[in-house]
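The values are calculated or read from the model by the stated rules, or taken from the named source; none is laboratory data. As the structure is a prediction and not an experimental result, all values here were calculated from the model. Ideal geometry is used to build each Cβ from the backbone, glycine not excepted, and the neighbour counts take in all protein chains shown. With ligands, DNA and RNA removed, areas are computed over all heavy atoms of the protein, side chains included. Shrake-Rupley method; radii C 1.70, N 1.55, O 1.52, S 1.80 Å.
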Amino acid sequence: MKRVNVFEVKCEYDTEDPEGYRSGYVKLAEALGASALNVNLFELPAGKSASPYHYEYEEEWLIVLDGAVVVRAPDGEHELARGDAVCFPPGAEGAHKATNAGVETARVLMFSSSREPAVAVYPDSDKIGVWPGTAEDKVMIHRRDGQVDYWDGERGAGPE
C-alpha cells in the first residue's frame, strides 16, 4: 500500500510560475497510483495563489489543511480556516481562486473527478485552456476572441 502524509510531504515549486502564483504542489493521485480522482496538495506561501480565477466542467473540492485561505467565488470572497471544506460546481457558477490570506504558509487539498481531456475557462483574462490528454497533443491556452470558423482549413468532400 502506498502512503503519503499530507502534513509532511515536501511540495515541489515551479520556478517559472509568476510571482503571485509561486505555490508548491504534490500530485497525490499520481504519487499513490490512483486514477479515478484528480487529487492535488497545494502549499501556499503568504499572499500567493494556487491558480488564476477559473472554472472547469467537473465538480471540484477544496479542504484547508493548515493556514488561512481566501477563496474568490462568483458571490464574493470567503475566508476559510483550517478544516473548512467547500465544493465548486461545474461551470461558471463554480469559478474560484484560492489565495493564502495569512502570514504563515497554508496547505490545501483540492480534488475532483476531472480527467483529460479537460477544459478550463479563465474569465478575468478571457482565456480557455484545453488539456487534450495525450503527449502528442499539446495543452492549448487561447483567448476566446481567437476563434476560427468550424470549417476553416478543412478540405471539401471527395477523394483526398
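Please state the Cα pair-distance histogram of the stretch 1-68 with 10 angstrom bins from zero: what percent is in each bin?
P(r) for the stretch 1-68, in whole percents per bin: 17, 49, 31, 2.
Can you give the net charge of the other residues whose Cβ lies under 12 Å from the Cβ of Pro132, counting K and R as +1 and D and E as -1?
Here the charged neighbours net out to -1.
Could you please report the charge total around Ile141, scoring K, R as +1 and D, E as -1 over all other residues with beta-carbon less than 12 angstrom from its beta-carbon?
+3
From the phi angles alone, apply the Karplus equation (6.51, -1.76, 1.60; θ = phi - 60°) to the stretch 25-38 and give each ³J(HN,Hα) in whole Hz, x where the residue is Gly or Pro.
8, 9, 7, 5, 4, 5, 4, 9, x, 8, 9, 7, 10, 9
So how far apart, in nm, are the two label points at Arg143 and Ala29 if each is 7 Å from Cα heading toward Cβ?
Those two pseudo-labels are separated by 3.2 nm.
What is the ratio of the Cα radius of gyration of the stretch 114-160 to 2.2 N^0.38 Å, where N is its residue count, to two decimals? Before the final figure, lay out each step's value.
On the way: Rg = 14.1 Å, N = 47, 2.2 N^0.38 = 9.5 Å.
For the stretch 114-160, the normalised Cα radius of gyration is 1.49.
Give the average over all directions of the projected area of the C-alpha convex hull of the stretch 22-156, one decimal, in nm².
Mean orientational projected area (the stretch 22-156, Cα hull): 9.8 nm².
Rank these by accessible area, largest first, 1.4 Å probe: Ser112, Ser35.
Final ranking, largest accessible area leading: Ser35, Ser112.
Could you order Lys127, Lys138 by accessible surface area, starting with the largest, using a probe radius of 1.4 Å? Before the final figure, lay out the partial values.
Numbers: Lys127 60, Lys138 155 Å².
Heavy-atom accessible area, descending, gives Lys138, Lys127.
Could you pull out the pairs from Lys48/Lys97; Lys2/Lys48; Lys10/Lys127 whose alpha carbons sit more than 20 Å apart here?
Where the Cα-Cα span goes over 20 Å, the pairs concerned are Lys2/Lys48; Lys10/Lys127.
Which distance in nm do the two modelled labels at Glu8 and Arg72 give, with both placed 7 Å along the Cα-to-Cβ direction?
Going by the 7 Å Cα→Cβ label model, 3.7 nm.
At a 1.4 Å probe, what is the % contribution of carbon and sulfur to the accessible area of the chain?
Summing carbon and sulfur atoms, their accessible area is 51 percent of the total for the chain.
Put Trp61, Trp131, Trp151 in order of accessible area, largest first, 1.4 Å probe: what do you get?
Trp151, Trp61, Trp131
Accessible area of Asp149, 1.4 Å probe, to the nearest 10 Å²?
Looks like 100 Å² after rounding.
When averaged across all projection directions, what area in nm² does the alpha-carbon convex hull of the stretch 46-114 cover?
That works out to 3.9 nm².
What does the charge count around Leu65 come to, taking other residues whose C-beta lies under 14 Å from its C-beta (Lys +1, Arg +1, Asp -1, Glu -1)? Spell out each step's value before the answer.
Working: positive: Arg82, Arg107; negative: Glu8, Glu43, Asp66, Asp84, Glu104.
Surrounding charge for Leu65 is -3.
Rg and Dmax of the stretch 70-147, Cα atoms, in Å?
Answer for the stretch 70-147, Rg first and Dmax second: 15.0, 43 Å.
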